[in-house]
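Asks: Got a structure here, written out as structure tokens. Questions coming.
The values are calculated or read from the model by the stated rules, or taken from the named source; none is laboratory data. The model shown is predicted, which means the values in this text are computed figures rather than measured ones. All Cβ positions, even for glycine, are placed from backbone atoms using ideal geometry, and neighbour counts span all protein chains on display. Just the protein is used for accessible areas: all its heavy atoms, side chains included, with ligands, DNA and RNA removed. Shrake-Rupley method; radii C 1.70, N 1.55, O 1.52, S 1.80 Å.
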Amino acid sequence: MQAAICYYSGSGNTELACEYLAQRIEAVPFDLVDITESDQPDLEPYDVVGFATFTDFFAPPQRFQTFLTSLSPQKGDYAFVFNTYGSFSGKTLKVLADLAAARGYRIMLGHSLHTPESYPPLNALGITSETAPKPRELDAFEEFVERLTTKIETLQAGGEPEIEGVKLKLFQRLMPALPRTTSQTLMGDKHVDAQRCTECGTCVAVCPYEAIHLNPKPVFDEARCYGCWACYNHCPEQAIHTTRYRDVGHYATPNAELQEKLAG
């Protein structure tokens, strides 16, 4: 039996959580597939596929939605969905489930994990969630791991696992998924501090929308940008800034506390 998790992680929080999942579910080995490195991975060999990403304005990021809608139609293969979020998960999990189901996957279950905030404007306001997940949130995550393990073991034994799907709480159902132009508008135009920039190309490498090129400093294609803040967060010299935000709110990698909690 083979399993995979297709993931998109902007700050590393989601990737860390996926690694934890793969380690904790001993019933089957998992391949971790970074969708920014493989737009069209061959998922045919896998009996179970997980789809995992972070919340971006109460929904999955556009990059991951595009990935899901481009997948080849399936014939009832089993899948699960998973997301991390810093402040509010919104409809992320339901959108993930609906998009995967539209490609023919049967969604066994899903889970949302509270992690530290990676969105610079909120971090700049002190809304960091830096101690997330709390003990009860970790317990809920462990319960999800156990339920997923049970379903995989049922498959291994030749049975059919229960299809739980995804259920949202009332406030999550009422929370709208904001258009991606909202983030781009709030971010505004990006600028480069020429004195700090070393022309290392990190911003080009981390941009999931191919909206940056070097000439020789970074040049931003605002028409392609979705305001994901990856370039801002990951610039090693903090040379990238916006009209409103500079030298504040960066979150490039999972904080030490989260790494300790998800050490496996």
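Asks: Go ahead and collect, in residue order, the members of the range 129-157 whose backbone nitrogen is under 20 Å from a label point 7 Å along the Cα-Cβ direction of GLN259.
Replies: Correct set: 129-134.
Asks: So if each residue of separation counts as 0.36 nm, and I subtract the Cα-Cα distance between THR243 and ALA27, what length gain in nm does that give?
Replies: 72.8 nm
Asks: Please list 3J(HN,Hα) in residue order for the range 8-25, calculated via the Karplus relation 6.51 cos²θ - 1.76 cosθ + 1.60 where θ = phi - 60°; whole Hz, with x for glycine and proline.
Replies: Values per residue, Gly and Pro as x: 9, 10, x, 10, x, 4, 5, 4, 4, 5, 5, 4, 5, 4, 4, 6, 7, 8 Hz.
Asks: With axes computed from alpha carbons, what is the tilt in degrees of helix 92-102 against the longest principal axis of the chain, rounded to the nearest 10 within 0 to 90?
Replies: 60
Asks: A further question follows. Going by a ≥ b ≥ c, the root eigenvalues of the Cα gyration tensor, does the chain fall in the rounded group (a/c under 1.5), the prolate group (a/b larger than b/c) or the oblate group?
Replies: Verdict is prolate for the chain.
Asks: Another question, if that's okay. Could you check what % of the DSSP bridge pairs in the chain are antiparallel, to the nearest 5?
Replies: Percentage antiparallel, nearest 5: 20.
Asks: Further, regarding this structure: May I ask you to compute the full-extension gain from ALA124 to LEU214, defined as 0.36 nm times their residue separation minus their alpha-carbon distance, rounded to one decimal in nm?
Replies: 29.6 nm
Asks: Could you tell me which Cys residues in the chain have no other cysteine's Cβ under 4.7 Å from their own Cβ, answering none if every one has a partner?
Replies: CYS6, CYS18, CYS197, CYS200, CYS207, CYS225, CYS228, CYS235
Asks: Right, another one. Tally up the carbon and sulfur contribution to the accessible surface of the chain as a whole percent, 1.4 Å probe, everything protein left in place.
Replies: 50
Asks: While we're on this one: Tell me which residues come under 5 Å, amide H to amide H, from HIS111 once H is placed; ignore anything under 5 positions away on its chain.
Replies: Long-range HN contacts for HIS111: VAL81, PHE82, ASN83.
Asks: OK, next. When the helices in the chain are scored as -39500 (n - 2.57) per DSSP H run of 4 or longer and the sum is shared across all residues, what 222 nm value do you end up with, to the nearest 500 deg cm²/dmol?
Replies: -9000 deg cm²/dmol
Asks: Rounded to the nearest whole Å², what accessible area per residue is found for the chain with the 1.4 Å probe?
Replies: 47
Asks: Run the numbers for ASP139 and LYS167: contour at 0.36 nm per residue of separation, minus the present Cα-Cα distance, in nm.
Replies: So the extension gain works out to 8.2 nm.
Asks: Something else about it: Could you work out the relative contact order of the chain, using alpha carbon pairs under 8 angstrom and six or more residues apart, expressed as a whole percent?
Replies: Relative contact order comes out at 20 percent.
Asks: What shape does the range 1-105 take by its C-alpha gyration tensor, where a ≥ b ≥ c are the square roots of the eigenvalues and a/c under 1.5 counts as rounded, a/b above b/c as prolate, and the rest as oblate?
Replies: The shape class here is oblate.
Asks: Follow-up. Given a cut-off of 27 Å, name the pairs among LYS217/LYS261; LYS167/LYS190; LYS91/LYS217; LYS190/LYS261; LYS151/LYS261; LYS75/LYS167 whose C-alpha atoms lie farther apart than that in the structure shown.
Replies: LYS217/LYS261; LYS167/LYS190; LYS91/LYS217; LYS190/LYS261
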